[in-house]
Every structure is written in C-alpha cells, then in structure tokens.
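Report on the structure given below.
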Amino acid sequence: MRELRVEDALMYLDQVKMEFGDRPSIYNEFLEIMKKFKSQKIDTPGVIRRVSTLFRGNKALVLGFNTFLPLGFKIEIPLDGSGAFFRMPNHPGITLIHPEPSSPPANSGNANNN
C-alpha cells in the first residue's frame, strides 16, 4: 500500500463532509465503508465499488479515493463521464463499476447531468 499521509486523509474527509453537509447519511456511510475496508471485511474491489457508487456523479471524490487504494489499483472515469471503471494489479484490462440501482447518485439533489 502506498504511504498515506494523515493530512491527505483529513483533507479528503473534509471534502466529503463539505460536499454532503446537507446529507450526513452519505458521510456516515462512507465512514462505515472505510471501517469495513480497514478491518478487511470488504476487499479492495469491494471498497472501490461501494465508494464509487456512494459518490456517483461526483468525479472529484470518486477519483480522489485513489489516494486510499493499494498500489496497482486505480479508479478511472472517461472524459465523457460515462461510468467508472478500475484497474487491478496482475489483472489485464479493466473492471466496470456497476452502481446498485437502489443507491441514489450522490448528486441527485443537483441539476440533472444526463
């Protein structure tokens, strides 16, 4: 795992809190996901899918999560914003992230970006 500076983690948490200040349930869900990841209750592909789904529609937060990923893992979003995918070490190609239909996009209160 790449070295994670405490300052980087705190800055990211501040960004999440500022973005979802009016929806604390999203911030709290993110903290729960991170606790499960840290305790190894979910694996790296699982945490990527969950965070990308939770923050769907917020490119900066989705891509910013790369800071927390082990070396070789990387979330990417095409320039046209048409979904997200990730790369894994020792795994050729890409893995598409399929958001769960029951999870509303993180920007659902904003203007429609479709």
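Once both labels are positioned 7 Å from their Cα atoms along Cα-to-Cβ, the gap between S25 and D43 label points is 3.0 nm.
Of K35, K41, the order by accessible heavy-atom surface (1.4 Å probe, DNA, RNA and ligands excluded), from most exposed downward, is K41, K35. Magnitude of the charge dipole for segment 34-97, about its Cα centre and with charges confined to Cβ atoms of Lys, Arg (+1) and Asp, Glu (-1), is about 340 debye. The overall shape of segment 1-47 is oblate: from the C-alpha gyration tensor, with semi-axes ordered a ≥ b ≥ c, the ratio a/c is 1.5 or greater and a/b is no larger than b/c. Each Lys and Arg contributes +1 and each Asp and Glu -1, all at the Cβ; summed about the Cα centre of segment 5-50, the dipole is approximately 280 debye. Stretching V6 away from K74 to a fully extended chain increases their span by 22.5 nm, per 0.36 nm per residue minus the current alpha-carbon distance.
Of M34, P45, V16, whose Cα points farthest to the positive end of the dipole of segment 2-49 (charges on the beta-carbon: +1 Lys, Arg; -1 Asp, Glu; origin at the Cα centre)? Looking along the dipole axis, the top candidate is P45.
The values are calculated or read from the model by the stated rules, or taken from the named source; none is laboratory data. Remember, predicted model here, so these are calculated numbers, not experimental data. Cβ sites come from the backbone with ideal geometry, for glycine too, and all protein chains shown count toward neighbours. Remember, those area values only see protein heavy atoms, side chains included, never the ligands or the DNA or RNA. Shrake-Rupley method; radii C 1.70, N 1.55, O 1.52, S 1.80 Å.
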